[in-house]
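The values are calculated or read from the model by the stated rules, or taken from the named source; none is laboratory data. Since this is a predicted model, take the numbers as computed values, not measurements. A quick note on method: Cβ atoms are made from the backbone with ideal geometry, for glycine too, and the neighbour counts reach across all protein chains shown.
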Amino acid sequence: MRWAGAPSIGVLIGLAAAGLACGDAVGPTHTTPLAGTYGAASIVRQQDDLSDDLLPRGARFDLTLSADSTVSGHVVLPANLRETGESEPVDQGLSGRWSLRGNQIRLRLDRPVLGNRPTLAAVKVGLVGTLVVPDPVNGVLWIKLLLVRATSEQDVGTTHHLRNRFSFAD
């Protein structure tokens, strides 16, 4: 005697498998849409009552996120970042890898920037992030970054003209 429910079980197993295949991905998000070259539109230093844009003082944060998950770039920050005025300038190349989970970009730099391997967030206007720099005298110094996508290689390092158009709330 053949059981009449046998074809129904096959259909249920197929539907269950299809449902599992359509579920949320558990791995990292595909990185290609964010791959590109970014430059700083804003680099703001904040500590206690001090808050100023470092771009007019020659600061730069250029970052290239390659589709193969490698990172390259360059960071320049002026001397005396801390309120106490006790720090060397930063002039450092960037290299390493990056990964994306949701809208969070994790940089795994070969050499940290001021002790940081920052995580950036992808937002409408570009990438935002914060470097946290310990200051043994005055607590913590924050360097807030807004990086925007460069439309050409010539734009890298010159995106500071955009700083007045964007805020971290965008």
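So here's what we get for this one:
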{"item": "Residue in segment 145-154 that is modelled with pLDDT under 80 and either closer than 30 Å to Glu86 by Cα or surrounded by 17 or more Cβ atoms within 10 Å (Cβ to Cβ) (or both) present", "result": "no"}
{"item": "Residue, nearest to the chain's Cα centre (by Cα), within segment 117-126, restricted to residues that are touching a residue at least 24 places away in the same chain (Cβ under 8 Å) and assigned to a loop (DSSP other than H, G, I, E, B)", "result": "Pro118"}
{"item": "Candidates Gly129, Gly93, filtered to the one that is closer than 20 Å to Arg45 by Cβ, modelled with pLDDT of 95 or more and assigned to a strand (DSSP E or B)", "result": "Gly129"}
{"item": "Residues of segment 122-139 classified as of a type outside the set (Asp, Glu) and farther than 16 Å from Asp62 by Cα, total", "result": "9"}
{"item": "From the options Gly73, Gly96, Gly126, Gly139, residue that is in contact with an Asp or Glu (Cβ under 8 Å, 6 or more places away or on another chain), surrounded by 20 or more Cβ atoms within 10 Å (Cβ to Cβ) and at positive phi", "result": "Gly73"}
{"item": "Some residue of segment 49-61 being touching a residue at least 12 places away in the same chain (Cβ under 8 Å), closer than 22 Å to Arg111 by Cα, under 19 Å from the mean Cα position of the chain (by Cα) and assigned to a strand (DSSP E or B)", "result": "yes"}
{"item": "Extreme residue, surrounded by the fewest Cβ atoms within 10 Å (Cβ to Cβ), among residues of segment 102-115 that are assigned to a strand (DSSP E or B) and in contact with a Gly (Cβ under 9 Å, 6 or more places away or on another chain)", "result": "Arg108"}
{"item": "Index of the failed condition, Ser95 passing every other in (1) without any contact (Cβ under 8 Å) to a residue 60 or more places away in the chain; (2) closer than 20 Å to Thr151 by Cα; (3) polar (S, T, N, Q)", "result": "(2)"}
